[in-house]
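The structure under discussion appears below in the form of structure tokens.
Here, each number is a calculation from the coordinates, and none is a lab measurement. Because the structure is predicted, anything quoted here is derived from the model rather than measured. Note: ideal-geometry Cβ built from the backbone for every residue, glycine included; neighbour counts use all protein chains shown.
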Amino acid sequence: MVMKSNKAKANIVLTMSTIAFTICFAVWMMNGVLITYLVDNGLYDWDKAQIGWLIGVPVLTGAVVRLPVGILTDKYGGRIIFTILMIVASVATYFMSAANSFNEFIVAGLGFGISGASFAVGIAYISTWFPKEKQGMALGIFGAGNAGAAITSMGAPIILKYLSSNGANLDTWRMMPKIYALVLMIMAVIFYLTTYSKIVEGNSVKTLPQRLAPLKEVRVWRFGLYYFLVFGGFVALAQWLIPYYVNVYTMSVTTAGMMAAIFSLPSGVIRAVGGWMSDKFGARLVMYIVLSTIIISTALVIIPRMEIQSPGEGIMAKTPGIVTAISESSITVNQEVYQFRNKSNVNLLDIEPNILVFPKNSFWQEPIIKVGDSVEKKQLLARGVTHIFFQANVWIFTFFVFIIGIMMGVGKAAVYKFIPEYFPNDVGVVGGVVGVVGGLGGFICPVIFGYLLKSTGLWTTTWMFFFALSIICLLWLHIVARRMMKARAPELLSDLE
């Protein structure tokens, strides 16, 4: 009976924590939609770098607070800490509705960003309720609360559209933070009344230096770098994809939110599958697959939508002479006739094709001499022009973004499968610091994206950044795996090589 009771309590804790985390995550991602909406409708005139800061600042708070919140959860238990966190986040979210200047939005973002620290609470809280062999799956289910990003990206534009009466009264955006605050407060009450308290034996008497001791290990920071990519990247893209779609594909904020949800919703839900895969096949193999797939996918979306006009193959005189005639398709020098390809005969794209997968090339030649000119041997008579058009089709782009989102979701679960395996008695602290690094990724990445865009004018610099970061993570993972094999099975490593 006791075992059944504990199992039932564990399932209730997991269910309520996942719902609470979903709501917290939806609040945490609010600025991705809200800031884009305010700028797109001309209420505020912020540049790309400022937008990056406003989107990233709430993520900064959620990241920095994760470590102390993880320590408090180990000491006092997840039930009370999770409840307090939601109450504080609710109050801060309400005050977001009063912001007017850039600095006020920054301060408000720092306040409600504490909702992002809910992940560190949940990880430590849930780990105490499940045995080691089931923690990957349990934490993966909890992590599915990342789908809160999709709830905001899809739902917030609709709420804003409704509140403003389709744009007739734009200042009513201030109601949205109030709605989010109310939902958070209600969830805090429900969570406290339906969950149970539990603390790992011995954790409540540990000193602060004892709690922080695991942070001396490089392994913790390696896990943090992985999480910087798969979680920080997910958080950043869940918000950044909305202005990306608006600017690159000229979509409305509402449509862009729906498209961004194709990335964020599956990425959140698939995390449970990532936990199961990590339990069954091991987190290391899963991370190999995740990083390799992200590298390939980001490489395929790096090329921007573009039109290039470049010098092509020209026509040169075979012998010296005088130009006697020039028609629409030929040049005559003395008695020698040179055929050239007129631009009017080239099939240029007059309208946008539905789907153009590969770049389309067009080629023509233009005479650069006139009748009566004297030309020498090998003198250029007509210059060649090559026109290249690459559509960067929105559906092909979205497909690869979808794949990247899936891999990030699986990767998030794999990283947190490592933690209870290597640090079973310090999940709160280690999970907290890994969450801090990952959360910092969610803060730093939009700022980096903004400055890269501002300096290059290319939105695809976002994917260049992830491509490089994924390669670094994969190399580090492989070097460590090879070193471990060399230490434990040198003969096997030698045979494999």
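Could you sort 435-442, 320-327, 32-39 so that the peptide with the highest average Cβ count within 10 Å comes first and the rest follow in order? Write out the running numbers ahead of the final one.
Numbers: 435-442: 27.0, 320-327: 14.5, 32-39: 25.2.
Top of the packing list down: 435-442, 32-39, 320-327.
Normalised by the residues of the chain, what does the relative contact order come to in percent, with Cα pairs under 8 Å and at least six apart?
Details: 928 pairs, mean separation 123.5, N = 497.
About 25 percent, as a whole number.
Taking Lys and Arg as +1 and Asp and Glu as -1, the other residues whose beta-carbon sits under 15 Å from that of VAL375 total +2.
By the rule of a C-alpha distance below 30 Å, with chain neighbours fewer than 8 residues away ignored, the lysines paired with LYS48 are LYS161, LYS178, LYS412, LYS454. Histogrammed with a bin width of 10 Å, the alpha carbon distances of the stretch 222-331 distribute as 10, 27, 22, 12, 8, 9, 9, 3, 0 percent, first bin at zero.
Over all directions, average the projected area of the Cα convex hull of the stretch 306-390 and note it in nm². Each step should come with its number before you reach the end.
Working: hull surface 23.4 nm².
Value for the stretch 306-390: 5.8 nm².
The listed peptides 287-294, 452-459, 51-58, 115-122, ordered by packing as a protection proxy, come out as 115-122, 51-58, 287-294, 452-459 (highest mean of other Cβ atoms within 10 Å first).
Show me 136-146, 413-423, 465-475 ranked by packing, highest mean number of other Cβ atoms within 10 Å first. Before the final figure, lay out the partial values.
Numbers: 136-146: 26.1, 413-423: 24.3, 465-475: 17.9.
Sorting 136-146, 413-423, 465-475 by mean packing, highest first, produces 136-146, 413-423, 465-475.
For the chain, the square roots of the Cα gyration tensor eigenvalues, ordered a ≥ b ≥ c, give a/c of at least 1.5 with a/b greater than b/c, which places it in the prolate category. All C-alpha to C-alpha distances of the stretch 75-212, sorted into 10 Å bins beginning at zero, yield P(r) values of 11, 32, 32, 17, 7, 2 percent in whole numbers.
Net charge within 13 Å of TYR125 by Cβ-Cβ distance, Lys/Arg positive one each and Asp/Glu negative one each, not counting TYR125 itself? Please list the in-between numbers first.
Working: positive: LYS9, LYS75, ARG79, LYS198; negative: ASP74.
With Lys, Arg at +1 and Asp, Glu at -1, the neighbours total +3.
A simple count of charges around ALA138, restricted to other residues whose Cβ falls under 12 Å of its Cβ and scoring Lys, Arg +1 and Asp, Glu -1, yields +3. If you take the Cα centroid of the stretch 87-146 and the Cα centroid of the stretch 173-192, the two points sit 13 Å apart.
Span-like helices, the chain: DSSP H, alpha-carbon axial extent 30 Å or more, mean Kyte-Doolittle 1.0 or greater, which ones?
Working: long enough: 2-28 (38 Å, 0.95); 394-422 (42 Å, 1.46); 427-456 (41 Å, 1.67); 461-488 (41 Å, 1.08).
Counting only whole DSSP H runs, the qualifying helices are 394-422, 427-456, 461-488.
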